[in-house]
Structures are given as structure tokens and as C-alpha cells.
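The values are calculated or read from the model by the stated rules, or taken from the named source; none is laboratory data. Nothing here was measured: the structure is a model prediction, and the numbers come from that model. Neighbour counts run over all protein chains shown; Cβ positions are idealised from the backbone, glycine included. In case anyone asks, the SASA skips ligands and DNA or RNA and just uses the protein heavy atoms, side chains included. Shrake-Rupley method; radii C 1.70, N 1.55, O 1.52, S 1.80 Å.
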Amino acid sequence: MKKKLPIGIELFSEIIQDNYYYVDKTNMIKELILSKSKVTLFTRPRRFGKSLNMDMLKTFFKVETDVSLFNGLDISNEKELCEKYQGKFPVILISLKDIDGESFKDFITRLKFILFDEISCFDWLMESDKLTEYDKVPLRQLLLGDFEGIVDLPGCLKLLCRLLYKHYGKKTIILVDEYDVPLDRAYQRGFYNEMVTLLRLMFGSIIKTNTYLEFAVLTGCLRVSKESIFTGMNIFKTMTISDNNFSGYFGFTDKEVSDMLEYYGLEDKYIFFKEWYNGYRFGNTSVYCPWDVINQCDYLYTNNNFVMKPYWINSSGNSIIKEIIKNSSGKIKKQLEALVSGESIQQEIIQELTYSGLDNTDNDFINLWSLLYTTGYLTDACTPAGDMHTLIIPNLEIYKIYEKQIMPLLKERIVNNSEQWKELCKAIYG
């Protein structure tokens, strides 16, 4: 019997233990260790494996991990590295991708729940003989869900790092998945400045002033290196979709897709997978959207009908299409027509596009193309020359979005404003 396909599963241990098909990305661990970066930020479009990779990192590094989960995987060949790093560190993993709320107060409540869920995983520290009763007072407070008074909300993770260091004598690895989602939500709902202040305090506490930090890894959709939440933090190494390093660890390479199709007896469908889901360029690596490949492979393996389907675009809101037209000038419309005709366009891209800059109408033209590029609606046709990129529609799935949803709207003309930018950002995250 063939292995099951891991549709929607983001827990590394579940994929391995339950014998799901796994595309081996564990060499990312080696490259991350050898990079010796204190803080690494990966920016990738949604549905390209960020959350699964973060859980893989947690599973590898965390104390008392099940080392057998990595048997036969690429990282297991690095004996010396595994001996030194595998199962040797306390690890904190926070995912912000599902945080939401209609008000800043709602966000605070949801963030408290997220932090409480992670902190409660370490409730056994209350029994540690390495901690004093003085240490356990603020921990008890947090385990009761009280984030005010002795311990404030931004400082609770730093406190946890200190307590873990006292227990293990080891610094903590911190992983933050989809770190920029709170900024997006807050920008849409009108309390952006309050959210920036909160995140500045939180990230400053766990990254900038945390002497108990081994290293940190963050993932997100947009790069916010110029955002005020990271003011004064000069220890970042940012890996965008234009960088060669780590380029093959998010998304599937051509060989990985070919191997998967051969395993499921679908090798004769390779050309269709390539046309529909390939074409994204990360650094010098051509990659497929893994969400598309896994879902389509499962569909064809379990159904007799041969139909190629779109999946990536259906995993979030599609209102971005209409917002493109709302913000389009005559020049933008002409370039969209060129893209749909199979041509490329030359365009400056701002990699560090931030929410606070979206309201700058002087940059609307660059903002639009930069947003489409960083979120996967456009990709590089070749290696970019500085900030200038040769942009194309990556594949047939995305082409059909332009063809069927954009072209019929090209005759409409709506004046730009910041509210439409908010709708554009909202569509990216769903």
C-alpha cells in the first residue's frame, strides 16, 4: 500500500510516525546551523511549507526529542552535527498565522491564549529542583493565564527562556511562524500603530535583549526589516525569494515532484504538473507550489477522472484580483495585458515592502508589483539585476487567474486610495 499524502498536516512527527509521504527537507537544519546566524527571517508566499519546516526544526532541536524520527533522512548522515545539536536545546515555537480579532483588545486576548498554550507545555518546570520558589512565582502566574502584574505580556517568553536556562543550563531556540500576520490584520482593522508598539516590545524582549537566546528563526510573507518592530536589531539575516541560500527548502524541486509522481504511478502526468504548478523562482532554484502538487497528486491517485485543478488560489481570499484592477493605471493595465500574452515586464521591486508604506500613493505603482511578486502572483524569469526584476506569470494555474478574472475587469477604472490597499493586503492572507 502506498503512503498517504499529508494534505493539511503541518506536524513533522505526525507525518513520519503515521507513514505519510515526506519530501525530505532536513538538510535545511544543517545549512541553518552552519550559517551561524543569531536571527534568520525567511519570507515566502503562503502554502510553501513554512509551518512544516518550523515544526521540523523544533522536533530536531528540542530536548528529549525522538531521534528515530529522522532515521533515513538526509540530516541523519551528518553524524557529528547530530551528536552536537540534535535533542540538545529547549525550543519555543509560536505560530501567529491564525491570530485575528476585530479590535486591538481582541488581538491581545487571542495572543494571550497563543502564549499560554506554549507556556503550559513547560508546566513541569514548577517541579524543577533547579528553580527557586522565587522563580516559580511568575511562572505560576503565567500558568494561571495572568499576563499582568509581575510578568507583562511582551516579557513572558523572555522569562520562560531564563527559567529553561536555569533548568537545563542551555539557551533557548525561539521559532516564530508567520510573524507578520498580526501587522496585516491590524493594518486592515485600523489599530496598526498599537500592534507595532506591542510587537516591538515583544520581539525586542525575546531577540534584542535576551541573553538566554541560542538563535531565532522567523517566517512570514513580507519582509519588514525597515519596520519599527525591529528597531535597533542588526543581527538579522533575511532570506527572501530572491536569495540563493535555502532556496530549495520551501516548495518542491523538479526532482522531488518527479520522484513523487513516479512513486504514485503518475509519471505520465509530469508535464501537466510542470505546466500548472512549477515556474516559481526562489534564488536560482525553480520550484513547484507543494500545496498544489500534494493535492493534485492525491486527486489523481484516488480518482479515475483526469482533471488538473487549482488549489493555491483557493486556499485564501481571491479579492486581490479585483483590487489589482481598482489600483490600476493605464500603464499597469498595459503591463497586465503583456503578462497575460506570455511576455515579461521589467519592474523595480521593493523587497522590504511594509504595511506602513502602502498608504504612500507616490509608490503605488511599485507597491503593487512588489506585493504581487512577494506573494507568488508573479515570479522572476531570470536572475534579477539589483532591484530590477524581469517578471512573468509563474505557471498555468496563476495564468488562468489573470485570464479569467483580471482581463474581463480591465475596462473598469477606480481611483486609488489606502482603503483599497487594505483590501489588497487582506486578500493575501485570507
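Structure note, pairs Lys25/Lys112; Lys79/Lys170; Lys4/Lys158: Cα-Cα distances above 30 angstrom occur for Lys25/Lys112; Lys4/Lys158. Residues in the stretch 187-203 carry Karplus couplings, in order, of 5, 5, 9, x, 10, 4, 4, 5, 5, 4, 4, 4, 5, 4, 5, 5, 5 Hz; the curve used is 6.51 cos²θ - 1.76 cosθ + 1.60 with θ = phi - 60°, and Gly or Pro positions show x.
Here's the list of aspartates and glutamates a cross-link from Lys269 could span, going by alpha-carbon distance under 19 Å and ignoring same-chain residues fewer than 8 apart: Asp254, Glu256, Asp259, Asp292, Asp298, Glu397. Could you tell me how far the Cα centroid of the stretch 23-43 sits from the Cα centroid of the stretch 251-282, in Å? The two parts, judged by their Cα centres, are 24 Å apart. Could you tell me whether the stretch 31-145 comes out rounded, prolate or oblate from its Cα gyration tensor? Rule is a ≥ b ≥ c as square roots of the eigenvalues, rounded for a/c under 1.5, then prolate if a/b exceeds b/c, otherwise oblate. Oblate.
When ranked by the protection proxy of mean other Cβ atoms within 10 Å per residue, highest first, what sequence do the peptides 1-8, 91-98 form? Could the numbers behind the result be given before it?
On the way: 1-8: 12.5, 91-98: 18.9.
Packing order, densest peptide first, comes out as 91-98, 1-8.
For the chain, the square roots a ≥ b ≥ c of the C-alpha gyration tensor eigenvalues yield an a/c of 1.5 or more together with a/b not exceeding b/c, which makes the shape oblate.
Hey, what did the chain get for relative contact order, percent, Cα under 8 Å, at least 6 apart?
Numbers: 677 pairs, mean separation 74.6, N = 430.
Value for the chain: 17 percent.
Protection proxy ranking for 99-107, 161-169, 248-256, 289-297, using the average of other Cβ atoms within 10 Å per residue and placing the highest first: 289-297, 248-256, 161-169, 99-107.
Each residue of the stretch 139-145 was assigned a 3J(HN,Hα) from its phi angle through the Karplus curve 6.51 cos²θ - 1.76 cosθ + 1.60 (θ = phi - 60°); the sequence is 5, 4, 4, 5, 5, 8, x Hz, with glycine and proline shown as x.
Kindly identify the stretch 183-274 as rounded, prolate or oblate by the Cα gyration tensor criterion: order the square roots of the eigenvalues as a ≥ b ≥ c, call it rounded if a/c is under 1.5, otherwise compare a/b with b/c, prolate if a/b is larger, else oblate. Prolate, since a/c reaches 1.5 and a/b exceeds b/c.
With all protein chains in place and a 1.4 Å probe, the accessible surface of the chain carries 49 percent carbon and sulfur.
Take peptides 276-288, 196-208 and line them up by average Cβ neighbours within 10 Å, highest first, as a rough protection proxy. Can you show the working numbers first?
On the way: 276-288: 22.2, 196-208: 20.0.
Top of the packing list down: 276-288, 196-208.
Cα axis of helix 254-263 to longest principal axis of the chain: angle in degrees, 0 to 90, nearest 10? Roughly 90 degrees between the two axes. Count Lys and Arg as plus one, Asp and Glu as minus one, and take only other residues whose Cβ is under 10 Å from that of Ser258; the net charge is then -3. Amide H contacts of Met239 (H built 1.01 Å from N, in plane; Pro and chain starts excluded): Leu41, Phe42, Thr43 sit under 5 Å, all sequence-distant by 5 or more or on other chains. Measure up Lys97/Lys334; Lys2/Lys309; Lys30/Lys255; Lys105/Lys208 against 28 Å on the Cα-Cα distance and list the ones that go over. Where the Cα-Cα span goes over 28 Å, the pairs concerned are Lys97/Lys334.
Scalar couplings 3J(HN,Hα) for the stretch 334-346, obtained by applying the Karplus form with A = 6.51, B = -1.76, C = 1.60 to θ = phi - 60°, are 5, 5, 4, 5, 5, 4, 5, 7, x, 8, 10, 10, 8 Hz; x denotes Gly and Pro.
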